[in-house]
1. Can you pull out every residue in the stretch 15-47 that is closer than 17 Å to His168 by Cα, modelled with pLDDT under 80 and not aliphatic (A, V, I, L, M)?
2. When you go through Arg242, Arg281 one by one, which is the residue that is over 21 Å from the mean Cα position of the chain (by Cα) and at pLDDT 90 or above?
3. Looking at the structure I just gave you, is Ala289 among the aliphatic types (A, V, I, L, M), under 27 Å from Leu328 (Cα atoms) and at pLDDT 90 or above?
4. Restricting attention to the stretch 25-42, which residues are over 17 Å from Pro158 (Cβ atoms) and touching a residue at least 60 places away in the same chain (Cβ under 8 Å)?
5. Please note which helices (runs of 4 or more DSSP H) are completely contained in the stretch 22-64 and include at least 3 residues that are surrounded by 17 or more Cβ atoms within 10 Å (Cβ to Cβ) and small (Gly, Ala, Ser).
6. Considering each of Ile247, Ile191 in turn, give the residue that is modelled with pLDDT under 90, out of contact with any strand residue (DSSP E or B) (no Cβ under 8 Å at 6 or more places or on another chain) and among the β-branched types (Val, Ile, Thr).
7. Of the residues Ile341, Ile361, Ile354, which is at pLDDT below 85 and among the β-branched types (Val, Ile, Thr)?
8. Specify the residue that is farthest from Leu101 (Cα to Cα); the eligible residues are those in the stretch 266-276 that are touching a residue at least 24 places away in the same chain (Cβ under 8 Å) and either touching a Phe, Trp or Tyr at 6+ places or on another chain (Cβ under 8 Å) or part of a helix (DSSP H, G or I) (or both).
Amino acid sequence: MAGGGVAALGVKTERAAQYKGRMTLAVATTCLVAAVGGAIFGYDIGISGGVTSMDPFLEKFFPVVFHRKNSGGKNNYCKYDNQGLAAFTSSLYLAGLVASLVASPVTRNYGRKASIVCGGVSFLIGAALNVAAVNLAMLILGRIMLGVGIGFGNQAVPLYLSEMAPAHLRGGLNMMFQLATTLGIFTANLINYGTQNIKPWGWRLSLGLAAVPALLMTLGGLFLPETPNSLIERGRVEEGRRVLERIRGTADVDAEFTDMVEASELANTVEHPFRNILQPRNRPQLVMAVCMPAFQILTGINSILFYAPVLFQSMGFGGNASLYSSVLTGAVLFSSTLISIGIVDRLGRRKLLISGGIQMIVCQVIVAVILGVKFGAEKQLARSYSVAVVVVICLFVLAFGWSWGPLGWTVPSEIFPLETRSAGQSITVAVNLLFTFAIAQAFLSLLCAFKFGIFLFFAGWITVMTVFVYVFLPETKGVPIEEMVLLWRKHWFWKKVMPDMPLEDGWGAAEGHAAPASNNHKG
């Protein structure tokens, strides 16, 4: 099998115990700057829901929805059911899906920095088009450019964070992306709460302020150091070692450097990463790259974040109350991500994903029951039940924020060997954006059709994904990226799926070693 054998492991032996280094100022600074990409992603998620609930915006671009919203007697669940309005939100994610696939060869061949800068520039163009939009076409074009930025940023930033972080801190530092995303959502909700009273151009300010983090991302990307993994992969070995010594704060980096060089030697023999990732030996990583981001969206969280003001208005909240409630959920999401950063490298990924899933199931069912019993198509929700719904939704967001929110990005970004890492991250981002697009486009129609049953729909998916993690995901806490593939060969299920790796295809044959294959791939 081409590219098979022990070489597919990317490293010859496990050296994690020999890794040296600590958390340095260089790592902290670069991770903060890189994670700004997450803030832009979050800002664009949060800003659209508030803007689409503003009357001046609806009157200018979606007059049918504006008149339906302000007319009496219309079914509460169906007031915002409009495919054009959904396209305003979802077009960003469809563009991001396509851009993430284009970003993979850029990230692999030109480095992580190049993709980060490309994403920042695209964000700036998109923000400029949106703030100056005079018609729907210009508005959608701006959203598409923002989507291109998301495709590049989401492909490169989690990868960058994983490669810069020390193995024992990788989970927490990688979550900087999700933390920045939640901060972007919270900021967007606050801005919408303030701009709703600036008529008739408050919505322009909301959309245009996306340029601020975009500028930070672009400028920061220009001055960030490239990751040592990327430098070594592109033949700049000595420079890669210098960067590694600087970010680890020690010259004793032989073990980690050797792992990177061995992984790079394999990576450079792979001409077609996307074709390579489909081979049986990469099956576990491919399954996770598809399922983790898909399940993250099927929690229903993006429906709440996209359309929080719309959703709360559909439940009978007034305009100010709905935006205030969305600010509250944004604050809860940000706070819960901080919790996850503090405990993920101690408790591990599996415990957080499973416990978070159980809490989300309970919350979705409770909301469905309250709405099904106490809220109808034309009547309003009583104040006490409105408060209860907001509290339960906040508990749902809390669970997502310390489980599937950050870990839906962290796990896929840390499991791929170097030769398929950029391709794997592109698949992760593409699947995430595909499902985000589908849910964003369909949610308003699903809300109209399912009514309170929409929450049971998402609860069913959360049940499936919680079982999936329990059965198929091994614990990745503390495992170096370059040795991650060894983990799958120890898992009760995946070791049956992955093919045997004959010695003659691997490192031993290449170097003339006669060591038995079992010494090279444990478990």
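The values are calculated or read from the model by the stated rules, or taken from the named source; none is laboratory data. Note that this is a predicted model, so its numbers are computed, not measured. Here the Cβ positions follow ideal geometry from the backbone for every residue, glycine too, while neighbour counts run over all protein chains shown. Ligands, DNA and RNA are stripped out before the accessible areas are found, and what is left, the full protein with its side chains, is counted by its heavy atoms. Shrake-Rupley method; radii C 1.70, N 1.55, O 1.52, S 1.80 Å.
1. Arg15, Gln18, Tyr19, Lys20, Gly21, Arg22, Cys31
2. None of the other options fit; the residue is Arg242.
3. no
4. Scanning the stretch 25-42 gives a single hit, Ala26.
5. Numbers: elements: 25-34, 36-51, 55-61.
The qualifying helices (runs of 4 or more DSSP H) are 36-51.
6. The conditions single out Ile247.
7. It is Ile341.
8. From the stretch 266-276, those touching a residue at least 24 places away in the same chain (Cβ under 8 Å) are 266-270, 273-274, 276; that's our starting set.
This time we only want the ones that are either touching a Phe, Trp or Tyr at 6+ places or on another chain (Cβ under 8 Å) or part of a helix (DSSP H, G or I) (or both), so: 266-267, 273-274, 276.
On the way: Leu266: 22, Ala267: 19, Pro273: 12, Phe274: 10, Asn276: 15 Å.
So the residue we want is Leu266.
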